[in-house]
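Student: Okay, here's the structure, questions in a sec.
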Amino acid sequence: MTLIDEIDHSVLDAYRTCEFATIARDGTPLAWPVSPFRLPDGTLLVTTAIGFPQKALNVRRDGRVALLFSDPTGSGLDAPVQISIGGGAVCSEIPTTSLAGLEEYWSMLFWRQPSSRSYTLPGIRSLMDWYYMRLLITVTPERIEERPPDSAARPATALPPESSELAESWSRAAQAELPGARELVGHPTAVLAVRDADGGIALARTVPQPVDGGYAVAGPPGRELAEGPASLLVHRHNEKLAAMRFALVRGRIKRNGADWLLIPDRVISPTDNPLRTLRNARASAARYLQRRSLPRPAVPWAEYRALARRPADRGRG
């Protein structure tokens with residue numbers, strides 16, 4: 001029996017996405033939405049295309065990672081528990097385009113995100129071949145915690161969500177050009193990624209609220225946190241993993257009375273300009289291969305197209 005067998009697999013597998021956090025070179029924990037896949041041996045598979053290799057590069061430098069299953073959109077579940085997982089990860093250096101051993105994983109992606117099937121069409125392949133050049137990240141859980149659905153804790157100094165004073169606070173933050181105000185205001189909750197006292201990553205879904213100098217946030221219950229680099233992730237998608245929007249607010253966190261204060265310094269918002277994101281991903285993929293003197297791997301299009309055409313093959317979840 002593995003550690004992951006201690007939780008309800010049907011709930012874990014139903015989540016369409018989770019927040020996956022790695023540690024950047026400067027020590028900042030960074031979370032991004034991913035679609036993980038539970039393997040029979042109790043590990044979790046996360047993949048990333050070489051157009052977006054930063055998660056893989058971070059894992060190779062520091063294998064400490066965390067995952068939080070907290071957004072049930074599209075899961076079909078009514079207020080499921082949140083699942084927090086911490087552990088160690090390893091990542092391949094060489095990208096793979098082969099379906100061997102990954103048929104169930106890709107079947108899951110094609111079913112959960114039907115729009116991705118279009119990437120296999122002849123007219124789009126030349127633009128999207130990098131999407132199928134995947135780096136494989138294997139996560140071994142070392143700590144698993146279930147949290148109640150309503151554990152998006154509000155800081156003690158927070159204002160009621162319907163408060164006119166809160167709306168004025170967001171307006172003042174935007175006028176003061178506080179980094180992240182434009183991105184955070186449209187989301188009722190965000191995921192805080194922070195280092196704990198042992199140097200690992202702690203994730204918590206929280207309700208950020210603007211205060212003087214930053215955002216009041218709450219950390220995960222029962223975890224001793226450390227002041228230092230931190231980030232806030234907001235993301236949303238529909239039930240078919242389309243209309244994806246996400247942004248990351250980076251900064252530093254410090255104690256602020258009974259609460260925590262995130263002092264932001266910059267925002268990363270890849271979905272603001274899809275065409276620019278596509279160009280950057282293609283360029284990033286080319287650099288990844290060039291720096292490692294790797295040939296551009298061929299994509300077995302016929303195999304992917306055949307798998308994408310199986311509407312009855314739901315994959316897991």
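Derivation of every value follows stated rules applied to the coordinates shown; laboratory data play no part. Small disclaimer: the values here were computed from a predicted structure and weren't measured. Don't worry about glycine lacking a Cβ; one is built from the backbone with ideal geometry, like all the others, and counts go over all protein chains shown.
Student: Of Leu12, Val207, Leu44, which is farthest towards the positive pole of the chain's charge dipole, taken about the Cα centre with +1 and -1 on the beta-carbons of Lys, Arg and Asp, Glu respectively?
Tutor: Farthest towards the positive pole: Leu44.
Student: Beyond 33 Å, how much of the Cα-Cα pair distribution for the chain remains, as a whole percent?
Tutor: 25
Student: Per 0.36 nm of contour for each residue apart, how much would the distance between Leu289 and Asp26 grow if the chain were fully extended, relative to their Cα-Cα spacing?
Tutor: The span from Leu289 to Asp26 would gain 92.2 nm if fully extended.
Student: Let me ask another. With a ≥ b ≥ c the root eigenvalues of the C-alpha gyration tensor of the stretch 38-151, is it rounded (a/c under 1.5), prolate (a/b larger than b/c) or oblate?
Tutor: Oblate.
Student: Rounded to the nearest 0.05, what FRET efficiency do Asn273 and Met1 have when you use their Cβ-Cβ distance and R0 = 41 Å?
Tutor: With a Förster radius of 41 Å, E is 0.30.
Student: Applying a 10 Å radius around every beta-carbon, put 31-38, 93-100 in order of their mean neighbour count, most first.
Tutor: Those peptides, ordered most packed to least, come out 31-38, 93-100.
Student: Here is a follow-up. Hey, got the dipole for the chain? About the Cα centre, +1 on K and R Cβ, -1 on D and E Cβ, debye to the nearest 20?
Tutor: Roughly 1560 debye, rounded to the nearest 20.
Student: Which peptide among 284-292, 109-117 comes first, and what is the full order, when sorted by highest mean count of other Cβ atoms within 10 Å?
Tutor: 109-117, 284-292
Student: Dipole magnitude of the stretch 32-77 about its Cα centre, charges +1 at Lys/Arg Cβ and -1 at Asp/Glu Cβ only, in debye to the nearest 20?
Tutor: In debye, rounded to 20, the stretch 32-77 gives about 180.
Student: Quick one: which residues, 5+ away or cross-chain, put their amide H under 5 Å from the amide H of Ile201? H built at 1.01 Å from N.
Tutor: Placed amide hydrogens put Asp196 under 5 Å from Ile201.
Student: Which far-off residues, 5 or more places away or on another chain, put their amide H under 5 Å from the one on Arg16, with H placed in the peptide plane?
Tutor: It is Ser75, by chain and number.
Student: Short version: ³J(HN,Hα) in whole Hz for each residue of the stretch 106-121, in order, from phi by Karplus 6.51 cos²θ - 1.76 cosθ + 1.60 (θ = phi - 60°), x for Gly and Pro, what are they?
Tutor: So the Karplus estimates, Gly and Pro as x, are 5, 4, 4, 5, 5, 6, 5, 10, x, 4, 5, 4, 5, 5, 8, 6 Hz.
Student: In percent, what relative contact order does the chain have, based on Cα pairs under 8 Å that are 6 or more apart in sequence?
Tutor: 22
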